[in-house]
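**Q** Structure in structure tokens, see below.
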Amino acid sequence: MGNDSVVLGHARALLADGPGAAVVAGDMRRHGAILGSPDLRGLIDLSLPVCVILASVLHFATAPEADAAVAAFTGAVAPGSYLICSAGTSTGTSPALITRLQAIYEGTTMVTGRPEAEIADYFDGLGSGATRADRRMGLAA
Ligand SMILES: C[S@@+](CC[C@H](N)C(=O)[O-])C[C@H]1O[C@@H](n2cnc3c(N)ncnc32)[C@H](O)[C@@H]1O
């Protein structure tokens with residue numbers, strides 16, 4: 001799933017002949033359309049455990065939008081599923097670096113830097129069987 005036409009074009013070319021993969025054009029903030037996509041539904045049986053991976057994308061949305069996306073994707077999957085996410089965080093990150101990143105992406109998308117605890121909260125309430133395994137990667141300023 002992605003919202004960049006160049007990325008989607010390359011993904012379609014790379015995956016065109018491969019089974020077990022689909023490319024869904026969409027904005028994670030419009031999660032209903034992604035979850036309802038025939039391509040996704042034709043490939044993934046959401047009644048069975050799956051792994052939701054939100055890699056390096058959540059910081060491209062406001063906090064409420066990112067929270068709603070995580071809630072929608074984790075709410076749509078079966079018990080026993082996994083959640084993996086990486087997101088830029090303000091915790092331990094130089095404000096100057098965040099400002100620089102926001103300047104780089106200006107005009108294309110927002111960049112939010114949220115406290116690490118807010119990202120960690122995504123793993124609360126996933127069910128009594130949820131196990132948290134995380135690792136923090138620091139970015140130099
Ligand atoms: C830093 S790249 C990460 C790509 C890939 N997930 C990875 O880990 O290698 C961020 C990607 O998220 C996409 N993206 C940004 N905002 C998005 C949104 N609201 N919905 C869906 N994709 C988005 C960008 O177009 C870009 O392809």
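The values are calculated or read from the model by the stated rules, or taken from the named source; none is laboratory data. Please read these numbers as outputs of a predicted model, since none were measured by experiment. Cβ placement follows ideal geometry from the backbone for every residue including glycine, while neighbour counts extend to all protein chains displayed.
**Q** So for region 31-48 (the condition being in contact (Cβ under 8 Å) with a residue 12 or more places away in the chain, more than 18 Å from Tyr122 (Cα to Cα), of a type in the set (Ser, Thr, Tyr) and touching a Gly at 6+ places or on another chain (Cβ under 8 Å)), does at least one residue qualify?
**A** Yes, region 31-48 has at least one match.
**Q** Across region 61-111, what is the total count of residues that are within 25 Å of Val50 (Cβ to Cβ) and either of a type in the set (S, T, N, Q) or in the same structural domain as Gly26 (by TED's automatic domain parsing) (or both)?
**A** 3
**Q** Next question, about the same structure. Could you tell me which numbered condition Thr99 fails, if it satisfies all but one of (1) within 28 Å of His10 (Cβ to Cβ); (2) in a helix (DSSP H, G or I)?
**A** Only one criterion is unmet by Thr99, namely (1).
**Q** Would you be able to tell me the number of residues in region 66-93 that are touching a residue at least 12 places away in the same chain (Cβ under 8 Å) and farther than 17 Å from Ala117 by Cα?
**A** Here the count works out to 11.
**Q** I would also like to ask the following. Would you confirm whether or not region 90-112 contains a residue that is surrounded by fewer than 17 Cβ atoms within 10 Å (Cβ to Cβ) and modelled with pLDDT under 90?
**A** No, region 90-112 contains no residue that is surrounded by fewer than 17 Cβ atoms within 10 Å (Cβ to Cβ) and modelled with pLDDT under 90.
**Q** May I pose another question? So, in region 77-91, of the ones that are within 16 Å of the ligand (Cβ to nearest atom) and hydrophobic (A, V, I, L, M, F, W, C), which residue ends up nearest to Ser56 (Cα to Cα)?
**A** Looking at the filtered set, the residue picked out is Ala87.
**Q** Taking Ser81 and the conditions (1) surrounded by 12 or more Cβ atoms within 10 Å (Cβ to Cβ); (2) out of contact with any Pro (no Cβ under 6 Å at 6 or more places or on another chain), which numbered condition does it fall short on, given that it satisfies the others?
**A** So Ser81 meets the others, but not (2).
**Q** Another question, then. For region 1-52, what are the residues that are modelled with pLDDT of 95 or more, surrounded by 12 or more Cβ atoms within 10 Å (Cβ to Cβ) and closer than 25 Å to Arg114 by Cα?
**A** Residues satisfying the conditions are Gly26, Asp27, Met28, Arg29, Arg30, His31, Ile34.
**Q** For residues in region 53-71 being crowded, with 17+ Cβ neighbours inside 10 Å and of a type in the set (A, V, I, L, M), which is nearest to the chain's Cα centre (by Cα)?
**A** Leu54
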